[in-house]
Amino acid sequence: MNRIWCLILVLLVLSCSKDGTNRNPYLQEIGFRFDINTNLPLYSPLTNTGNPVYIDNQTVGTRGAFVMNTGFDQFRVFEASCPNHAPSDCSTMTIDGQNVVCSCDDFEYSLFTGQFLNRPDDGKRYYDMLEYRASASGNIIIISN
């Protein structure tokens, strides 16, 4: 009877798998909270769907964040540092319409989804944008991680 329990225990231990998280090795996930008042002129573009705003604040993420009004009072917030490079002089992305571009290598990402749009087909691992939480209440948008 002891052998059966040992066999069951060994099978259970062997059947367990490692957690398959895909953490981005280039970006730290920094804790923060930042309130955006859309009544202020700097953030008023967020009152319209499809208008992104760059939050250039040292207390927000690694290199700031991009906030996008995706419609129906829903907001998406993404880290402004390119997810496929360690933070450097060229890794802070810039807005290009409703996308952002990393000047290190012209990688392009969607601000609606955070998806890497021009992913090379070279077999290497690439990451989509790091997303932060967003909640809206009236004219205040709270972004946090």
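Rounded to whole numbers, the Karplus 3J(HN,Hα) couplings from phi for segment 77-89 are 10, 10, 4, 8, 7, 4, x, 10, 8, 5, x, 8, 4 Hz, using 6.51 cos²θ - 1.76 cosθ + 1.60 with θ = phi - 60°, and x at Gly and Pro. Hydrodynamic radius of segment 27-144 by the Kirkwood approach over all distinct alpha-carbon pairs: 14.4 Å.
The 3J(HN,Hα) values that the Karplus relation (6.51, -1.76, 1.60; θ = phi - 60°) gives for segment 112-122 are, in residue order, 7, 10, x, 6, 6, 8, 10, 5, x, 9, 10 Hz. Gly and Pro appear as x.
Centre-to-centre, using Cα atoms only, segment 40-61 and segment 88-130 are separated by 19 Å.
Net length available on complete extension from Gln98 to Ile140 is 12.9 nm, with 0.36 nm assigned per residue and the Cα-Cα distance removed.
Since every read-out is calculated from the coordinates, none of them should be taken as a lab result. These figures come from a predicted structure and were not determined experimentally.
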